[in-house]
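Quick notes on the structure that follows.
The values are calculated or read from the model by the stated rules, or taken from the named source; none is laboratory data. As the structure is a computational prediction, the values presented were derived from the model and not from experiment. Because the Cβ atoms are built from the backbone with ideal geometry, glycine has one as well, and the counts that use them run over all protein chains shown. Quick note on the areas: whole protein, heavy atoms, side chains included, nothing else; ligands and nucleic acids left out. Shrake-Rupley method; radii C 1.70, N 1.55, O 1.52, S 1.80 Å.
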Amino acid sequence: RVPREAEDGQPGEELELDFELKMLADVGLVGLPNAGKSTLLSRLSAARPKVADYPFTTLHPNLGVVSVAPHRSFVIADIPGLIEGAHTGTGLGIRFLRHVERTRILVHLVDVAAIDPDQPLEAYDTVNRELQRYSPALAEKPQLVVLNKMDLPDAQAWWSLVQEVMKER
């Protein structure tokens, strides 16, 4: 039906909003740049993130779906590398940390090739400090620590050393 009566309109209201979309994934891959997060995502899922041998290859989070059984899967997010000062925005850290908030569990990749024998968990501690400084609740998320690049020579020695240090904590 067509309205039979019309009224003059009134000036409308104008509102400017900023919306922020935070990614939602079951698993978030975290670690320093070049820890192997994108490579792991590309092997576990059909995702094809950019993989290269220089820091900060990943400039935005990537998602992949991992199938574990028929009709059972989970979403995994490759979070760009976190560095010292990420909680203040260094290396676009705040943009990345916001996505980590929306994951259920963190898989923390540590590159064995970059381990310093005097401080074997420095990379692990750096990322955890940034998580804590950004949000104490984020630092309390369950974490699975994964030593990556175990095919390199002397990797087994690093495994033993990291196990010892983790037991002491």
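Annotation: peptides 156-162, 35-41, 24-30, 99-105, ranked by per-residue average of other Cβ atoms within 10 Å with the highest first, follow the order 35-41, 24-30, 99-105, 156-162. In this label model, Glu14 and Arg133 are separated by 4.1 nm, measuring between points 7 Å along each Cα→Cβ vector.
Between Ser160 and Asp118, the simple label model (points 7 Å from Cα in the Cβ direction) yields a spacing of 2.3 nm. Sorting the segments 125-133, 12-20 by their mean number of nearby beta carbons within 10 angstrom, highest to lowest, gives 125-133, 12-20.
When Tyr134, Tyr124 are compared by accessible surface with a 1.4 Å probe, the order from highest to lowest is Tyr134, Tyr124.
Take the Cα of Val2, step 7 Å toward its Cβ, do the same at Glu168, and the gap between the two points is 8.7 nm.
By accessible area of protein heavy atoms, probe 1.4 Å, what ranking do Lys149, Lys167, Lys141 get, highest first? Mind showing how you got there, number by number?
Working: Lys149 65, Lys167 170, Lys141 40 Å².
Heavy-atom accessible area, descending, gives Lys167, Lys149, Lys141.
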